[in-house]
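A.B. asks: Take a look at this one; I'll ask things after.
Just so it is clear, none of the values below were taken in a lab; they were calculated from the coordinates. Treat the numbers as computed from the prediction; the structure is a model and nothing was measured.
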Amino acid sequence: MISRLRGIVLEKNPPLVVLDIQGVGYEAQVSMQTFYTLPAVGEEVQLYTQLVVREDAHLLFGFSSREERETFQALVKVSGIGAKSALGILSALTSDELATAIANEDIKRLTAAPGIGKKTAERLVLELRGKLVGNNHNDSLLIPAVNSQHDDIINTLIALGYSDKEARSACKNLPEGTDISEGVRLALKNML
């Protein structure tokens, strides 16, 4: 595994960067967030990397910080998100912005990333909620979950195939403290 590279920037062509490391040129794909932090050609840079081995290629991805690499690693574990999609998400959102969007279940913000539709955004929220909080250095941006049972009811409805908007609308008038199974039953009844 190649974990980190330090070398001289030879080429910068978004999303690719080529680093000269003791006479060997390493090509890495980087997010636009990382690309904008790169120094000029001819200067030294350090990138945290992730090697992705596919049947037809070995691809190296570079990141300006460990947090961005950890976010990338979490993203590619989500079903339906490949390395290219993860890089696209990290080009549109910083690690902190992504963690905040997921914690706040901000589907609209997530769909702003290239190639991410509503269903994929909902899957990101479902699979990554609580897993990216450690990457967020400004926890005050997160909106705390006031009613975790309420959130569980909404997530159950999303898992059943309803949209985030439909699920929230159906749960709007549920009484406080409703348990999950009763809440799902009442929410489904509200949808009729």
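A.B. asks: Over all pairs of distinct alpha carbons, what does the Kirkwood formula give as the hydrodynamic radius of the range 50-114, in Å?
C.D. replies: 12.3
A.B. asks: When the Karplus curve 6.51 cos²θ - 1.76 cosθ + 1.60 is applied with θ = phi - 60°, which whole-Hz ³J(HN,Hα) does each residue of the range 33-49 get, with x for Gly and Pro?
C.D. replies: 4, 6, 4, 6, 8, 5, x, 5, 4, x, 9, 7, 8, 10, 10, 7, 10
A.B. asks: A further question follows. Please list the radius of gyration and Dmax for the range 4-63, considering alpha-carbon atoms only, with Å as the unit.
C.D. replies: Cα-based Rg and Dmax for the range 4-63 come out at 10.9, 34 Å.
A.B. asks: Could you compute how fast the range 148-191 diffuses translationally, taking Rh as the Kirkwood radius over C-alpha pairs and applying Stokes-Einstein at 10 °C with viscosity 1.306 mPa s? Give it in µm² per second.
C.D. replies: In µm²/s, the coefficient rounds to 162.
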